[in-house]
1. What pairs in 91/127; 26/132; 18/56 have C-alpha atoms more than 20 Å from each other?
2. Taking N as the number of residues in the stretch 1-159, what is its alpha-carbon radius of gyration divided by 2.2 N^0.38 Å?
3. For the stretch 1-156, what's the relative contact order in percent, using C-alpha pairs closer than 8 Å and at least 6 residues apart?
4. Can you work out ³J(HN,Hα) from phi for every residue in the stretch 47-58, in order, using Karplus 6.51 cos²θ - 1.76 cosθ + 1.60 and θ = phi - 60°, giving whole Hz and x for Gly and Pro?
5. Sort 116, 46, 36 by heavy-atom solvent-accessible area, probe 1.4 angstrom, most to least.
6. For the chain, with all protein chains present and a 1.4 Å probe, just round the carbon and sulfur fraction of the accessible area to a whole percent.
7. If you plug each phi of the stretch 143-158 into the Karplus form 6.51 cos²θ - 1.76 cosθ + 1.60 with θ = phi - 60°, what whole-Hz ³J(HN,Hα) values come out, in order, with x for Gly and Pro?
8. Each residue of the stretch 69-77 in turn: what ³J(HN,Hα) in whole Hz from Karplus with 6.51, -1.76, 1.60 and θ = phi - 60°, glycine and Pro shown as x?
Amino acid sequence: MNEVLRAIRERRSIRMFKPDPVEPEKVEAILEAGRWAPSGRNTQPWRFVVVESKEKREELGRLVTQMDMVRTAPVTIAVLLDTTAGYDRVKDLQAIGACAQNMLLAAHSLGLGACWIGRVKDDQVEKVLGAKEHEELMMLIPIGYPAERPPERDRLPLDSLVRRI
Ligand SMILES: Cc1cc2nc3c(=O)[nH]c(=O)nc-3n(C[C@H](O)[C@H](O)[C@H](O)COP(=O)(O)O)c2cc1C
């Protein structure tokens, strides 16, 4: 198995983090991976807010309480959809999904753990992030060195998913 396929196979959602800081060059590499995702008509509708300050992490953590992930992660990247940049809602959302998965795989490949947190208390979170009027929260991705090794989550067998014609 090559390293891309192995990363896809071995990445897990990590929800517990060590307090060790994440090196700035690794954060940059994760953002770069997001930036290089495909998007319909190459519209690149993603925007990122990197949450690193203790104050903002605490503020966000009060809104996103699940497992204290956001408060305890040294870095959280919020992915926003710039609604003025895209051209088709479904395709824009698909592009954002590709962008998020690129970032999860990049984090994993750098020895980091991350979790995709779907939309929660959007208005309040957007306010804390300083999102602009035309930006919509898509997901939060807390990132840090893993403090857990979660077991594999099952996947449906291929033969229940695939039809060949
Ligand atoms: C659209 C989407 C929303 C998700 N939202 C959450 C969430 O709010 N909280 C959470 O802990 N995990 C969330 N996850 C992570 C999934 O629970 C996880 O990917 C799934 O259980 C499979 O586990 P794995 O990532 O370890 O393979 C989300 C994943 C996706 C793709």
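The values are calculated or read from the model by the stated rules, or taken from the named source; none is laboratory data. This structure is a prediction, so every number in the text was calculated from the model and none was measured. Cβ coordinates were reconstructed from backbone atoms using ideal geometry, including for glycine residues, and neighbour counts include every protein chain displayed. Heavy atoms of the whole protein, side chains included, go into the accessibility calculation; ligands, DNA and RNA do not. Shrake-Rupley method; radii C 1.70, N 1.55, O 1.52, S 1.80 Å.
1. Working: 91/127 26 Å; 26/132 26 Å; 18/56 18 Å.
Among 91/127; 26/132; 18/56, the Cα-Cα distance tops 20 Å for 91/127; 26/132.
2. Expressed relative to 2.2 N^0.38 Å, the Cα Rg reads 1.02.
3. Numbers: 275 pairs, mean separation 55.8, N = 156.
Relative contact order for the stretch 1-156 comes out at 36 percent.
4. 9, 10, 10, 9, 9, 10, 6, 4, 4, 5, 5, 5
5. Working: 116 105, 46 15, 36 185 Å².
So the residues, ranked largest to smallest area, are 36, 116, 46.
6. Working: 5200 of 10060 Å².
Carbon-and-sulfur percentage of accessible area, whole number: 52.
7. With coefficients 6.51, -1.76 and 1.60, one gets 9, x, 6, x, 10, 8, 10, x, x, 4, 8, 4, 10, 5, x, 3 Hz.
8. 4, 6, 5, 8, 6, x, 9, 10, 9
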